[in-house]
Amino acid sequence: MDSGIPHFTRYKGYDYTRGVSLFVTIVTEPRISRFGRVVGGAVSLSPLGTIVAESLRSMPERVPDVTLFGHVVMPDHIHCRVYLKPNLAEPLKTLGRFFGSFKSYTTKCAWDLGGEGLLWQQGYHDRICSTRPFIDAVERYIRYNPLKYELRHNHPERLRIHEPLDSPRLDAETFWRGIGNTSLLNSDTKLLGLRVSRRLTPEAIGRVVSRCHDAANAGYAILSGFISPGEKAVRDALLAQPEAQLLHILPSSMPHDYMPESLYLKALQQNRLLILAKGNDDTPFSKSACDALNADLVHIANAGEGLAAYWRDGGAPTIL
């Protein structure tokens, strides 16, 4: 079986003896569903899929210099994050042995179950996880991959870009796109446009989160760019609140191939989120872009039922 080592040649400048965290994808050959199916946002594994999952989890016992972190077996591919330990004499050979042994063993198991030919495509796709935010994003991607698969294959309408958006709350002269529940822009939807200062202390942010939680329970949909730490804290809390509704204004445009962040997929599945953006040209994030986003936020919130609020400190918000 191919060890996959040639796929690392593009990282010639990286010293693998330092250790490295990698996001790895391996795909079936041909790309057909052999490992199960996705039902309700979770993978129901076939007998071969169960063997593949168990084999992947056992690989660190066979090659202890590679640690396995987040991983998922999908119907026609797998994703995983692995860590190659530092100070190895031949790190790429160690990594190749990890995945080469995994592919060889699972292919033999597939033959034992009556299959024939190749199980996996040659090699694998890998990407270095160079920062903690990227590692966190990879772990979310892996965790939410079954749900993304479910939406793409069973509910593609939940990921469809609506363009142009037509709503009395939006400037008719501006081209808006959106993904999700467009009815959240209806004039009778109670919106709370949210801005939170970056200067707020963690304690003050906790109070804002609590107030927004109460507002969501009172029927308000929370509208924000979710940029500052306080706004992100509100977003994360409301995404975990099953009935809470959110509208996220992107600071730049929404390209035709736009895919929402993994953390939004559950809310899209539940039809309680709208992601919207204006314009066709990508706008670099800057103070002027942030000011324009905040102006849109105030306009949208005040154009129907609702209000816009700005928390500058730990006390009462300023109504905009």
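The values are calculated or read from the model by the stated rules, or taken from the named source; none is laboratory data. Please read all numbers here as calculations on a predicted model, not as lab measurements. Reconstructed Cβ throughout: ideal geometry from the backbone, glycine too, with neighbour counts over all protein chains shown. SASA here: full protein model, heavy atoms, side chains in, ligands and nucleic acids out. Shrake-Rupley method; radii C 1.70, N 1.55, O 1.52, S 1.80 Å.
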- Within segment 229-240, residues crowded, with 23+ Cβ neighbours inside 10 Å and small (G, A, S) come out as G230
- Message: Just to be sure I understand, how many residues within segment 190-203 are open to solvent by 20 Å² or more (accessible area, probe 1.4 Å), among the β-branched types (V, I, T) and either in contact with a strand residue (DSSP E or B) (Cβ under 8 Å, 6 or more places away or on another chain) or closer than 16 Å to R272 by Cα (or both)?
- Response: 0
- For V72, all conditions in the list (1) within 23 Å of I135 (Cα to Cα); (2) outside any strand (DSSP E or B) hold save one; what is the number of the exception? (2)
- Of all residues making up segment 31-73, the number that are surrounded by 15 or more Cβ atoms within 10 Å (Cβ to Cβ), at pLDDT below 95 and of a type in the set (A, V, I, L, M, F, W, C): 2
- Which ones in segment 159-181 are open to solvent by 50 Å² or more (accessible area, probe 1.4 Å), under 21 Å from L307 (Cβ atoms) and touching a strand residue (DSSP E or B) at 6+ places or on another chain (Cβ under 9 Å)? D171
- Query: List the pairs whose first member sits in segment 215-228 and is touching a residue at least 12 places away in the same chain (Cβ under 8 Å) and crowded, with 22+ Cβ neighbours inside 10 Å, whose second member is of a type in the set (S, T, N, Q) and not in a strand (DSSP E or B), and whose Cβ atoms are under 7 Å apart, counting only residues at least 6 apart or on separate chains?
  - Reply: A221/T189; A221/Q245
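Need a quick list: strands (runs of 3 or more DSSP E) entirely within segment 188-284 having at least 1 residues that are at pLDDT below 95 and farther than 19 Å from L307 by Cα.
Once the strands (runs of 3 or more DSSP E) in segment 188-284 are filtered for at least 1 residues that are at pLDDT below 95 and farther than 19 Å from L307 by Cα, what remains is 273-278.
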- Task: Would you mind telling me which numbered condition in (1) surrounded by fewer than 16 Cβ atoms within 10 Å (Cβ to Cβ); (2) modelled with pLDDT of 95 or more P156 fails?
- Result: (2)
- Which residues, taken from segment 74-91, are touching a helix residue (DSSP H, G or I) at 6+ places or on another chain (Cβ under 7 Å) and surrounded by fewer than 18 Cβ atoms within 10 Å (Cβ to Cβ)? P86, N87, L88
- Look at segment 93-118 and say how many of its residues are within 18 Å of Y14 (Cβ to Cβ) and surrounded by fewer than 20 Cβ atoms within 10 Å (Cβ to Cβ). 2
